[in-house]
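Shown next, in structure tokens, is the structure this report addresses.
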Amino acid sequence: MNKSVLIIGRFQPLHLGHLSLIERYYNAGFFIKIGIGSSQKSHEKDNPLTVKEREKMINRVMKEYKINKYKIYSLSDIDADSDYVKHVLKIVGKFDTIVTGNPKVLKLFLKYKNKNPWNIESFEESSGRPGGEITSGIIRERWMKKPDKKGLPKSAFDYLKSINIKTN
């Protein structure tokens with residue numbers, strides 16, 4: 001039986017920290033389920049990319065790194081936190097492990113862990129990140145000054161440059 005991991009993030013943009021998580025699980029034989037969080041948000045300072053742009057960027061990075069056992073899911077925000085886990089499960093189905101850096105998402109999944117057999121991997125927003133000092137926020141901030149390759153897979157950088165992302 002194949003194992004699967006759900007990696008939830010906004011991927012605004014996908015950076016080398018995200019990629020290191022994906023590669024770690026992929027190389028361990030997991031099927032990768034990528035949950036694009038806050039999928040309804042775009043054209044904002046913290047969410048410049050549309051869900052379709054994030055999907056295209058992720059697909060290009062997966063192709064560049066020869067990762068072919070994955071699926072992307074759009075996870076819109078919902079009003080009731082108490083329904084969030086059920087909302088995600090309805091969209092992505094079953095998985096063995098969930099990975100997130102979002103403390104709120106972590107808390108919601110931990111609450112439901114006793115009812116489900118999944119493992120949970122988390123990392124602090126400020127320390128212990130797979131990308132080290134590279135975060136999507138830092139990348140977005142630098143990008144608004146000048147496109148910068150630091151912290152990005154080549155295919156993500158090339159894609160972002162081609163679409164000339166802007167925020168409102």
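For the chain, the carbon plus sulfur part of the accessible surface works out to 50%, probe radius 1.4 Å.
Rounded to the nearest 10 degrees, the inclination of helix 103-112 to the longest alpha-carbon principal axis of the chain is 20 degrees. Positive contributions from Lys and Arg (+1) and negative ones from Asp and Glu (-1), summed over other residues with Cβ under 14 Å from the Cβ of Val92, come out at +4.
Here's the picture: charge each Lys and Arg Cβ at +1 and each Asp and Glu Cβ at -1 in the chain, and of Phe11, Tyr70, Ile36 the one pushed furthest to the positive end of that dipole is Tyr70.
Under the shape rule built on the C-alpha gyration tensor, where the axes satisfy a ≥ b ≥ c, segment 39-82 is oblate, since a/c reaches at least 1.5 while a/b does not exceed b/c. Quick check on segment 15-125: take the gyration tensor over C-alpha atoms, sort the square-rooted eigenvalues as a ≥ b ≥ c, and tell me if it's rounded (a/c under 1.5), prolate or oblate. Verdict is oblate for segment 15-125. Normalised by 2.2 N^0.38 Å, where N counts its residues, the alpha-carbon radius of gyration of segment 1-66 equals 1.14.
Per residue, the solvent-accessible area of the chain (1.4 Å probe, heavy atoms of protein chains only, all protein chains present) comes to 55 Å². Using a Gaussian network for the chain with springs between C-alpha atoms less than 10 Å apart, which of these wobbles most: Ile34, Ile72, Ile91? Ranking Ile34, Ile72, Ile91 by mean-square fluctuation puts Ile91 first.
The values are calculated or read from the model by the stated rules, or taken from the named source; none is laboratory data. Please read all numbers here as calculations on a predicted model, not as lab measurements. Note that we place each Cβ from the backbone using ideal geometry, even for glycine, and neighbour counts take in every protein chain shown. We work out accessible area using only protein heavy atoms, side chains counted, and drop any ligands, DNA or RNA first. Shrake-Rupley method; radii C 1.70, N 1.55, O 1.52, S 1.80 Å.
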